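Comments concern the structure below.
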């Protein structure tokens, strides 16, 4: 049982480059979310989805886009990377009232 | 908006001792869920314990237990007989029905040999 698969684990980007962080879950969970983790800030919600075709903004959505075309996949897109987006990113999935299952995280550095 | 506050940025205890991590939250909801997650140096997020707000009984998982005080909006985690492997960042989290999970800023716990 794979759970939540998040790729890549590490990435270095130059300022202005674009990339997509991939997230897939095989648990048929309705909810999927993207968080960023910065020192002293905990996990802050970027975007989340309550089902296929439905997405909404979290606490820190600027600079990021998401889509949810299927229940399984929830990619996060950085259209024009900035040094302020250097962080560790986590994808998570859950069902109503359930605990969240997390991917292994992506350490992104923007230079 | 819901908020989660962890007032202890960092703590250290000796191995085998008992330690309590504090968490308070703010919500106007009556039905919700609370969690404690552990993040060891491997960076993986691991669920430690889960509490349903409508259940008065405090959740327990082996050496981990919570003190859930709904009226006070407090949700502390007690780790008994602490072990070196308990060294990690601990996050308190809140979720209401059909909604996103909100995390506190975390408490870094060091278990000393």
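All of the numbers you see were taken from the coordinates with simple rules; none came from a lab. Remember, it's a predicted structure, so these values are computed and weren't measured experimentally. Cβ placement follows ideal geometry from the backbone for every residue including glycine, while neighbour counts extend to all protein chains displayed.
What to note about this one:
- Relative contact order of segment A:40-111, pairs being alpha-carbon contacts under 8 Å that are 6 or more residues apart, as %: 21 percent
- Ranked by how many other Cβ atoms sit within 10 Å of their own Cβ, fewest first, the residues B:82, A:80, A:93 fall in the order A:80, B:82, A:93.
- Normalised per residue, the volume of the convex hull around the Cα set of chain B (Å³): 95 Å³
- Global geometry of chain A, whether rounded, prolate or oblate, following the gyration tensor of its Cα atoms and the 1.5 cut on a/c: prolate
- Over chain B, relative contact order from alpha-carbon pairs under 8 Å, at least 6 apart, %: 38 percent
- Bins of 5 Å, starting at 0 and running to the largest distance - Cα pair percent for the protein assembly as shown: 1, 7, 15, 18, 19, 16, 12, 7, 3, 1, 0
- Cα centroid separation, segment B:13-47 to segment A:60-111 (Å): 22 Å
- Among beta bridges that DSSP assigns inside chain A, antiparallel share in %, nearest 5: 90 percent
- Column: log10 I(q)/I(0), Debye, Cα scatterers of segment A:52-111, q = 0.20, 0.27, 0.28 Å⁻¹: -0.93, -1.38, -1.41
- The base-10 log of I(q)/I(0) for segment B:28-67, evaluated at q = 0.15, 0.22 Å⁻¹, reads -0.42, -0.75 [Debye formula, identical scatterers on Cα atoms, solvent excluded].
- Which of A:10, B:91 has the fewest Cβ neighbours within 10 Å, and the rest in rising order: A:10, B:91
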